[in-house]
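Heads up, the thing below is written out as structure tokens.
The values are calculated or read from the model by the stated rules, or taken from the named source; none is laboratory data. The shown structure was predicted, so the numbers you read here are calculated from the model rather than taken from an experiment. Here the Cβ positions follow ideal geometry from the backbone for every residue, glycine too, while neighbour counts run over all protein chains shown. All accessible areas refer to the heavy atoms of the entire protein, side chains included, with ligands and DNA or RNA removed. Shrake-Rupley method; radii C 1.70, N 1.55, O 1.52, S 1.80 Å.
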Amino acid sequence: MELSLAHPVFKAFMCGSFSGTCSTLLFQPLDLVKTRLQTLQSSMQPGSGRVGMVTVLLSVVRTERLLGLWKGISPSFARTIPGVGLYFSTYYSLKQHFFQDSNPKAVQAVLLGGGARTVAGVFMLPVTVIKTRFECGRYSYGSVTGALRSVCRTEGPAALFSGLMATLLRDVPFSGIYVMFYSQTKAALPKEISESASAPLANFSCGILAGILASLITQPADVVKTNVQVNPQLKTAEAIRCIYMEHGLQGFFRGAVPRALRRTMMAAMAWTVYEQMMARVGLKS
């Protein structure tokens, strides 16, 4: 069946999957560096020198070569292609159901983005756990399916949902805040810009602003989520206590720069590509 004849929700899923594929391929190195920075906390000695993004980046290239920066790309694709598609198709469905004839206001946009992310986050959490373990460098899984089998066999299926609470505390507010800032700043654009050839660039700029704000607000939850998924024996409350006891409040913002860069650029690109593709298939995003 041609895409032009497909159901609108399927079109939204395909547009979202394509946008997620592009952004994941480009920005995977930033995700890997962020994960390495966050998981260094438990292995660093007290009083040791500060390790930054550039240090980790050079270390990965030196020890694992340039392609090492794309370690974990398989689980990233396994999560992103269906995950972003599910997010955007859920977002489209909710928006069409509740706001078919109007644009959502600020609070409504938060609920819309948060609701779509909750659905996608819960469904894709097992692959997210595997992706985090691939990137941290502590596990030697051969493939995504092999990793899933290994975790189920050695730790039980429940381990695939480790960090669920921290993931939702990170992703739901991020998406809600992002959609709110993105939709409001885009709506504030002059009509001559939003309808001109430079509209994709303007939308991308709105996405960058929204991504920076949403990333900074949700950074502590991302640090906790990473530590719980890499150390499955830790509960969310224990991870929070350990991070604070070992590194203070600063520990909750480790990896903030690469994450802000990646999440901001990925979200901005994903939304820009999604909206352009939706327009091409004759749907209003």
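Descriptive notes on the structure:
- Matching entry among SER205, SER196 (being open to solvent by less than 60 Å² (accessible area, probe 1.4 Å) and not aliphatic (A, V, I, L, M)): SER196
- Flag for PHE181 being surrounded by 14 or more Cβ atoms within 10 Å (Cβ to Cβ) and touching a Pro at 6+ places or on another chain (Cβ under 7 Å): no
- Considered as a group, the residues in region 100-110 that are open to solvent by 20 Å² or more (accessible area, probe 1.4 Å) and touching a helix residue (DSSP H, G or I) at 6+ places or on another chain (Cβ under 7 Å) include one that is modelled with the highest pLDDT, and that residue is VAL110.
- Checklist (1) touching a residue at least 24 places away in the same chain (Cβ under 8 Å); (2) under 30 Å from PRO126 (Cβ atoms) applied to LYS235, failing item: (1)
- Residue match in region 215-231 (condition: of a type in the set (D, E, K, R) and open to solvent by less than 40 Å² (accessible area, probe 1.4 Å)): yes
- The set of residues in region 160-178 that are part of a helix (DSSP H, G or I) and either of a type in the set (Gly, Ala, Ser) or buried (at least 19 other Cβ atoms within 10 Å of the Cβ) (or both) comprises LEU160, LEU164, ALA166, THR167, ARG170, ASP171, VAL172, PHE174, SER175, GLY176, ILE177, TYR178.
- Taking the listed residues GLY211, GLY251, the one that is open to solvent by less than 10 Å² (accessible area, probe 1.4 Å), under 20 Å from THR80 (Cα atoms) and not acidic (Asp, Glu) is GLY211, with no other qualifying.
- Exactly one residue out of TYR87, TYR141 is surrounded by fewer than 20 Cβ atoms within 10 Å (Cβ to Cβ) and under 24 Å from LEU30 (Cβ atoms): that is TYR141.
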